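Heads up: the structure comes next, in structure tokens.
Values quoted throughout were computed directly from the atomic coordinates according to the rules given, and no laboratory measurement underlies them. What you are looking at is a predicted structure, and each value in this text was computed from that prediction instead of being measured. All Cβ positions, glycine included, derive from the backbone under ideal geometry; neighbour counts span all protein chains shown.
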Amino acid sequence: MGSTKTYLENGNIDTQSDGVFVTICKEKFPLLPMEEESRLQDERLRENFIIHLFAYDSIEKLKENNFSINALVDFHARNKFLLQAKDKKLYAILGNIVNNHENLKFEELFTNYEYNFKVAISKKSSFEFKVNHIDL
């Protein structure tokens, strides 16, 4: 992710960009959680990435089950604080989607919700993480 070297004809490094695999993944799965392995050494980035993974998985699992608008409302309520920490504006947008004032069909409503949810969870959290280490 941004660390593949591109070389000039004379052998000098031109730029660094995404490798072929990452480029394909980003094209096919633009909202899939991805992070450079070396950046996961940073506690805050690692914490955000793990939260992103679990949140992404939770909406994917919701899709796998036969669910209704009530299940989506419950899902939204359970993720309230996560969404507020990620992006308050998107949290409000997601609330409006769930309220369905436009009377959209459920499939269209969920597609809209899923996209905005995945965008929201991809943001870095707006609060500082307090990681406590316990020596055993």
Could you tell me which residue out of Met34, Asn66, Asn103 lies farthest along the dipole of the chain toward its positive end? Charges go on the beta carbon: Lys and Arg +1, Asp and Glu -1, centred on the Cα centre. Asn103
Hey, what do the phi angles of the stretch 109-116 turn into as Karplus ³J(HN,Hα) couplings, whole Hz, using 6.51/-1.76/1.60 and θ = phi - 60°, x for Gly and Pro? 4, 5, 4, 5, 4, 4, 4, 5
Could you state the angle between the C-alpha long axis of helix 43-64 and the longest principal axis of the C-alpha atoms of the chain, as a value from 0 to 90 degrees rounded to the nearest 10? 50 degrees
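For the chain, with only Lys/Arg (+1) and Asp/Glu (-1) charged at the beta-carbon, what is the dipole magnitude about the Cα centre, in debye rounded to 20? Walk me through the numbers before you get to the answer.
On the way: 18 positive and 21 negative charges, 97 e Å.
Around 460 debye, computed over the chain.
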Give the aspartates and glutamates reachable from Lys26 as a straight Cα distance under 18 Å; neighbours fewer than 8 places away on the same chain don't count. Asp18, Glu35, Glu36, Glu37, Asp57, Glu60, Glu114
Can you pull a Stokes-Einstein diffusion coefficient for the chain at 25 °C (0.890 mPa s), Rh from Kirkwood over Cα pairs, as a whole number of µm²/s? 142 µm²/s
